[in-house]
1. State yes or no: is Val32 within 20 Å of the chain's Cα centre (by Cα), more than 15 Å from Arg87 (Cβ to Cβ), surrounded by fewer than 18 Cβ atoms within 10 Å (Cβ to Cβ) and without any contact (Cβ under 8 Å) to a residue 60 or more places away in the chain?
2. Considering only the range 145-165, how many residues are over 17 Å from Leu120 (Cα atoms) and of a type in the set (A, V, I, L, M, F, W, C)?
3. Residues that are out of contact with any helix residue (DSSP H, G or I) (no Cβ under 7 Å at 6 or more places or on another chain), at least 2 per element: which helices (runs of 4 or more DSSP H) completely within the range 15-121 meet that?
4. Can you name every one of the strands (runs of 3 or more DSSP E) wholly within the range 124-205 that holds 1 or more residues which are free of Cβ contacts under 8 Å to residues at least 60 places away in the same chain?
5. Provide a single number: the residues in the range 35-77 that are buried (at least 23 other Cβ atoms within 10 Å of the Cβ) and among the basic types (Lys, Arg).
6. Hey, Ala152 hits all of (1) surrounded by 16 or more Cβ atoms within 10 Å (Cβ to Cβ); (2) over 30 Å from Pro198 (Cα atoms); (3) small (Gly, Ala, Ser) but one; which does it fall short on?
7. From the list Ser190, Ser173, Ser200, exactly one residue is surrounded by 16 or more Cβ atoms within 10 Å (Cβ to Cβ) and of a type in the set (S, T, N, Q). Which is it?
8. Give just the number: which of (1) closer than 28 Å to Pro12 by Cβ; (2) at pLDDT 95 or above; (3) not charged (D, E, K, R) does Pro198 not satisfy?
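The values are calculated or read from the model by the stated rules, or taken from the named source; none is laboratory data. It should be emphasised that the depicted structure is a prediction, and the values quoted were computed from it without experimental measurement. Positions of Cβ are generated from backbone atoms using ideal geometry, with glycine treated the same way; all protein chains shown enter the neighbour counts.
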Amino acid sequence: MAAFIAPQVFMPMGVEIRGGHLWAPLGPNIPVRLPGYGTWRSFAESDPNDVRQIEAIAKRFGGLTEDAFTQPGESLQIWHELVEDLRILALAWTQTGALDSGSPVSRARSFGLQIERQLLDEHHRTGGRFVLAGEEWALVCQNMAQWWRVVALEELRRGSPMRRCRHCATWFSLGGVRADAGFCQPAHRSAFYQKRPPFSRFWAEVI
């Protein structure tokens, strides 16, 4: 995947799921802190049929597309499709977080190329932008649905191992950090050694 720039995302005023649609109108201009590399794999393990889980993700990061801003909202089918795409890309890693070898990686990379083509086609068709970032062109993500996919594709390109946080069990990438890192963020290291259990075990509510 080419270089990319994260979308500008703000916290939603609220989240409502009704009739197979998710509505997450924009609230005050409070920027969302996007998760680190590897978190997309926790997204892949989410259950798109579990309304509570979808609500938790949307409360943390807003809807996946601009349709979520206005009623009736975006179709939950978009969430199902995203989870399915991420699950196939996640096959490149073992359950312990090491990059797999052979058929699983080949299948994930082959599928990743299909996703890249679809993303680029959609980006051009909808007037998406590219900008010069340093010495290379970068795709400017239009929404979170695009962002989750390009982050996963970049992880697949890097092939960095992953690990679950010892405090919250959220996946995080070991790319660019110490090989013995055990936590997705410094605050979770402190919480772990202070024996403070996370109030929830669902990743979107604890990161």
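1. yes
2. Going through the range 145-165 one residue at a time, the tally reaches 3.
3. Of the helices (runs of 4 or more DSSP H) lying wholly inside the range 15-121, those with at least 2 residues that are out of contact with any helix residue (DSSP H, G or I) (no Cβ under 7 Å at 6 or more places or on another chain) span 51-61, 77-90.
4. Result: 130-133.
5. Counting residues in the range 35-77 that are buried (at least 23 other Cβ atoms within 10 Å of the Cβ) and among the basic types (Lys, Arg) gives 1.
6. (2)
7. Ser173
8. Only one criterion in (1) closer than 28 Å to Pro12 by Cβ; (2) at pLDDT 95 or above; (3) not charged (D, E, K, R) is unmet by Pro198, namely (2).
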